[in-house]
Structure formats: C-alpha cells, structure tokens
Amino acid sequence: MSQRGYKVTSIVAIEVNLVTSVLAVETHPIESALLDHQTLEVWPAGRTLFYEGEEPRGVYVIHSGTVDLIFSAKDGRAKALNEARAGQIIGLSSVFSHRPHDYTATVHSTSNLGFVDEATFHQLLETTPEMLFDVLRLLSEDVNACYECMRDIALAK
Amino acid sequence: MPTPYNLAIHNTCSDCTVRESHTFCNMARPTLTAMDSVKFTSVYPKGSVLFVEGEAPRGVFVVCSGRVKLTTSSSEGRTLIVRVAGPGEVLGASGAILGRPYELSAETIEPTQLNFIGRDDFLRLLNAHPEACMHTAEQLSEKYHSAQREIRSLGLSQTTGEKLARLILDWCAREGDETPRGIRLQVLLTHEEIAQMIGTTRETVTRILSDWRRKEMIDIKGSNLFVRAHQKLSDMVTV
C-alpha cells in the first residue's frame with residue numbers, strides 16, 4: 001500500500017499525520033530528501049530497532065512516539081538513560097561515521113517511524129550536497145541533547 | 001624567538017606543521033587559506049574563559065595547542081566537566097550552527113593557542129567549502145559518541161571508585177606513557193576538577209586516591225600520576 005508516494009511495507013495501514021510531523025513542516029533539504037526515500041512503518045512498544053554494538057543499517061526518522069535509548073554494562077545490567085522523540089533521527093551519527101551503535105534503541109510507545117537505509121542515505125548526501133549542512137544541524141541538536149542528558153544524570157540531586 | 005608560555009605558535013593554518021594530526025584542520029590548501037583569512041589567532045593563559053553556558057554564540061574556537069575544559073552547571077550551581085578538549089578540536093560549533101546559546105562553558109586549563117572564527121564567517125566557510133562542512137560533521141559525530149560513552153559511565157557505574165577508575169583508564173589509553181614506575185599521566189586537573197568530571201565531591205576523590213596510593217595501585221609525584229596496577233583498575237570497571 002502506498003501513501004503520498006512513500007513506500008510502505010507494514011501490513012498495517014499507516015496514518016502518519018504529516019501535518020504534525022516536524023519533518024513535514026520544516027523545509028530543509030534533508031527533510032524533503034528523506035521523506036521521499038523512507039519506508040514508513042508502525043512500530044509497537046517493546047520492539048527493538050537495533051542493538052548496541054551492531055553495525056548501522058540506516059537511520060530512523062521518528063514521526064510520532066518515543067524510543068528508549070538503552071545502555072548496558074559488561075555484567076548485563078541495562079538501563080534506558082535517554083530517549084528520542086518525534087522530529088529526531090536515530091542512528092544519524094553512526095550512519096554518518098559508520099560506527100557501531102552506542103546503545104540499543106527500543107520503542108517505548110507505539111511509534112510511526114520512517115527508515116532510510118545506509119546506502120540511500122550516503123547516496124542522498126552525494127547527490128544533495130545542501131543536505132550536509134542539515135546533517136550538521138541535526139548532529140548539533142543530538143550533541144546538545146547528550147549534554148542535557150549528562151547534566152540530568154550527574155547533577156540532578 | 002621566545003613565545004608566550006614557550007608555546008610553539010602556529011600563525012597560519014596553511015603552513016601549520018601539526019595540522020595533519022588534527023582532525024578538523026587537516027584540510028586542502030584552498031580551504032585552509034579561506035580559514036586563514038577569517039580567523040584571529042591568540043594565546044590565552046590558564047584560566048581564561050572563552051565562552052559561558054547560555055551566552056549568545058559569537059563564533060567558534062579552534063584549539064591549536066593546549067587544553068580547554070568544557071563544563072555545564074545545574075541551577076543549584078553544581079558543575080560537571082563534560083570533557084577536556086585538545087588540539088584540533090572546534091569549540092562552540094553546535095551553538096554557532098544552530099544559532100542558539102552555548103550549551104557549555106569553556107575555560108583554558110593551561111596556556112592555549114586558539115583560532116577564533118566569528119559566527120557569520122564560520123557559516124560562510126561551511127557553505128563555501130564542503131570539506132570544512134564534512135570535517136565539522138565528523139567532529140560533531142565524534143563528540144556525540146564521546147558524550148554517549150560518558151552517559152553510559154555516569155548512568156551505569158555502581159560506585160564512585162568505578163567512575164574514577166574508568167576516567168584514569170581513559171587517560172592511560174589516550175595519553176599515558178609507559179615508565180618503569182607504571183603508566184605515567186600528567187594530571188593538570190585539581191581534585192575538585194576530577195570530582196566535577198565524575199559527578200562527585202572533592203573529598204571523595206581525595207579519599208579514593210589516598211586509598212589506592214596506600215594499596216600501591218597508583219603513585220603520585222607532583223602533577224604526575226603513575227598507574228601501577230592497571231589490571232586492578234580495569235577489574236573495577238563494569239561499563
């Protein structure tokens with residue numbers, strides 16, 4: 001089933017509200033490029049997008065819902081120390097620098113996610129050079145979110 | 001010719017002899033020439049504040065030599081040292097790119113040479129030179145992964161001793177020198193600053209270091225810290 005030109009693989013008919021999606025209301029080159037090439041799917045709570053240490057396969061655009069970023073210790077303890085929300089792209093840094101994921105990403109509440117595979121992402125970067133500045137912008141957002149998370153963990157008392 | 005603080009001053013990026021070892025600066029000559037035309041080089045003494053958390057972004061600082069501590073504070077005034085930046089790092093990039101206040105404060109912890117590029121010039125450089133854009137993205141990506149490692153350590157370490165052991169092991173891996181007395185680290189941070197790197201108090205850091213010294217796991221001579229029992233420290237780390 002296809003909606004608005006997007007490839008949809010889920011057997012569930014997806015009603016992504018593009019009006020409320022951050023990616024749809026902004027007009028940056030990366031957002032329109034990713035919107036045109038993503039595979040949309042509804043992910044139920046508890047399903048894992050990727051595991052810590054796994055090689056990146058692509059980026060996930062969150063249209064709605066939340067995703068827990070879970071870190072684990074050598075002894076098997078695991079804890080959700082951060083979360084990603086609508087408007088964020090998960091896995092961007094790992095795909096950009098082709099490094100294993102730092103955390104396990106598990107859906108916290110039912111989420112509408114768009115997936116763009118790694119090869120397509122890099123191809124888009126080559127064919128749409130303007131996208132590179134948007135990658136900078138998104139990475140900057142991600143870095144700032146990490147600092148906020150560190151502040152919350154270390155200084156919240 | 002004598003230079004301030006005996007630093008090897010690099011006046012132009014295009015002729016810099018150490019740029020090949022620096023992630024951001026290792027760019028083609030046209031990009032470096034463009035950077036030379038917009039940057040201002042200065043040498044700062046220890047303790048100079050470059051920018052403050054919450055301040056409007058004026059531009060970016062590229063570290064040529066020396067070290068800078070990056071901190072964030074809680075509303076109660078507690079401070080966390082997020083990391084210590086070294087040569088080749090660009091400071092303040094996310095604020096400058098997003099046009100939002102700096103997320104961190106930056107202060108030199110030793111005499112440091114920095115190149116300052118104003119925000120408008122930096123954005124023009126990024127737009128005109130994709131290579132500068134790519135190198136900045138690589139730096140941001142590296143900072144992201146490094147921040148995730150810190151989040152893991154802060155959130156999953158079970159004891160303060162474990163956090164301190166991991167910090168010291170990180171230093172060993174990055175800048176430790178093998179000596180007959182153990183792995184030598186030059187620690188320019190005070191116990192208070194070490195405490196701020198792992199979210200604890202100065203007293204706790206002093207107590208743990210004294211304990212490790214008594215057990216001959218480490219030795220301290222001036223600003224040099226010798227790690228004598230690397231394996232024991234490794235065994236303490238669970239994250």
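The values are calculated or read from the model by the stated rules, or taken from the named source; none is laboratory data. The structure displayed is predicted, hence computed values, not measured ones. Every residue, glycine as well, gets a Cβ built from its backbone with ideal geometry; the counts of neighbours run over all protein chains shown.
Among the numbered conditions (1) buried (at least 19 other Cβ atoms within 10 Å of the Cβ); (2) more than 14 Å from the chain's Cα centre (by Cα); (3) under 26 Å from A:Arg151 (Cβ atoms); (4) in contact (Cβ under 8 Å) with a residue 60 or more places away in the chain, tell me where A:Thr106 comes up short.
It is condition (2) that A:Thr106 fails.
Filter segment B:213-224 for residues that are surrounded by 15 or more Cβ atoms within 10 Å (Cβ to Cβ) and in contact with a Phe, Trp or Tyr (Cβ under 8 Å, 6 or more places away or on another chain) and give the result.
Hits for segment B:213-224 are B:Ile218, B:Asp219.
List the pairs whose first member sits in segment A:65-84 and is acidic (Asp, Glu), whose second member is crowded, with 19+ Cβ neighbours inside 10 Å, and whose Cβ atoms are under 6 Å apart, counting only residues at least 6 apart or on separate chains?
Going by the 6 Å Cβ cut-off, the qualifying pairs are A:Asp68/A:Thr106; A:Glu83/A:Asp68.
This table checks each residue for (1) outside any strand (DSSP E or B); (2) more than 20 Å from the chain's Cα centre (by Cα); (3) within 18 Å of B:Asn127 (Cα to Cα).
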{"residue": "B:Cys13", "(1), (2), (3)": "yes, yes, no"}
{"residue": "B:Cys16", "(1), (2), (3)": "yes, yes, no"}
{"residue": "B:Ala34", "(1), (2), (3)": "yes, yes, yes"}
{"residue": "B:Lys46", "(1), (2), (3)": "yes, no, no"}
{"residue": "B:Ala56", "(1), (2), (3)": "yes, yes, no"}
{"residue": "B:Thr72", "(1), (2), (3)": "no, no, no"}
{"residue": "B:Tyr102", "(1), (2), (3)": "yes, no, no"}
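Could you list all residues from segment B:101-136 that are aromatic (Phe, Trp, Tyr) and over 23 Å from B:His10 (Cα atoms)?
Listed by number, the list holds a single entry, B:Tyr102.
Is one or more of the residues making up segment B:22-39 within 13 Å of another protein chain (Cβ to nearest Cβ), at pLDDT 95 or above and in contact with a strand residue (DSSP E or B) (Cβ under 9 Å, 6 or more places away or on another chain)?
Within segment B:22-39 (the criterion being within 13 Å of another protein chain (Cβ to nearest Cβ), at pLDDT 95 or above and in contact with a strand residue (DSSP E or B) (Cβ under 9 Å, 6 or more places away or on another chain)), the answer is no, since none of the residues qualifies.
Among what's in segment B:189-217 and is in contact with a Lys or Arg (Cβ under 6 Å, 6 or more places away or on another chain) and of a type in the set (A, V, I, L, M), pick the residue that is farthest from B:Arg149 (Cα to Cα).
Among residues in segment B:189-217 that are in contact with a Lys or Arg (Cβ under 6 Å, 6 or more places away or on another chain) and of a type in the set (A, V, I, L, M), the one farthest from B:Arg149 (Cα to Cα) is B:Met217.
Residues being among the β-branched types (Val, Ile, Thr), within 22 Å of A:Ser94 (Cβ to Cβ) and in contact (Cβ under 8 Å) with a residue 40 or more places away in the chain: count how many of those fall in segment B:105-152.
1
Quick check: is even one residue across segment B:108-120 buried (at least 21 other Cβ atoms within 10 Å of the Cβ), assigned to a helix (DSSP H, G or I) and more than 10 Å from chain A (Cβ to nearest Cβ)?
No, segment B:108-120 has no match at all.
Looking at B:Ser37, B:Ser48, B:Ser21, B:Ser74, which is the one that is touching a residue at least 60 places away in the same chain (Cβ under 8 Å), among the polar types (S, T, N, Q) and loosely packed, with under 15 Cβ neighbours inside 10 Å?
Result: B:Ser21 is the single residue among B:Ser37, B:Ser48, B:Ser21, B:Ser74 that is touching a residue at least 60 places away in the same chain (Cβ under 8 Å), among the polar types (S, T, N, Q) and loosely packed, with under 15 Cβ neighbours inside 10 Å.
Inspect segment B:171-179 for any residue being more than 23 Å from B:Ala85 (Cα to Cα) and touching a Phe, Trp or Tyr at 6+ places or on another chain (Cβ under 6 Å) and give the result as yes or no.
no
I'm told A:Glu83 meets every condition in (1) in a strand (DSSP E or B); (2) surrounded by fewer than 21 Cβ atoms within 10 Å (Cβ to Cβ); (3) more than 13 Å from the chain's Cα centre (by Cα); (4) within 14 Å of chain B (Cβ to nearest Cβ) except one. Can you identify the failing condition by its number?
Result: A:Glu83 fails condition (3) only.
Could you go through segment A:138-148 and let me know if any residue there is among the small types (Gly, Ala, Ser), in contact with a strand residue (DSSP E or B) (Cβ under 9 Å, 6 or more places away or on another chain), at the interface with chain B (Cβ under 9 Å from one of its Cβ atoms) and surrounded by 20 or more Cβ atoms within 10 Å (Cβ to Cβ).
no
Residues in segment A:130-143: is at least one outside any loop (DSSP other than H, G, I, E, B), free of Cβ contacts under 8 Å to residues at least 40 places away in the same chain, among the charged types (D, E, K, R) and in contact with a helix residue (DSSP H, G or I) (Cβ under 9 Å, 6 or more places away or on another chain)?
No, that holds for no residue.
Would you mind finding the one in A:Pro100, A:Pro56 that is touching a residue at least 60 places away in the same chain (Cβ under 8 Å), closer than 21 Å to B:Ser146 by Cβ and out of contact with any Leu (no Cβ under 8 Å at 6 or more places or on another chain)?
Every option except A:Pro56 fails the conditions.
Among B:Glu162, B:Glu131, B:Glu138, which is the only one that is buried (at least 18 other Cβ atoms within 10 Å of the Cβ), more than 21 Å from B:Glu110 (Cα to Cα) and within 14 Å of chain A (Cβ to nearest Cβ)?
Every option except B:Glu162 fails the conditions.
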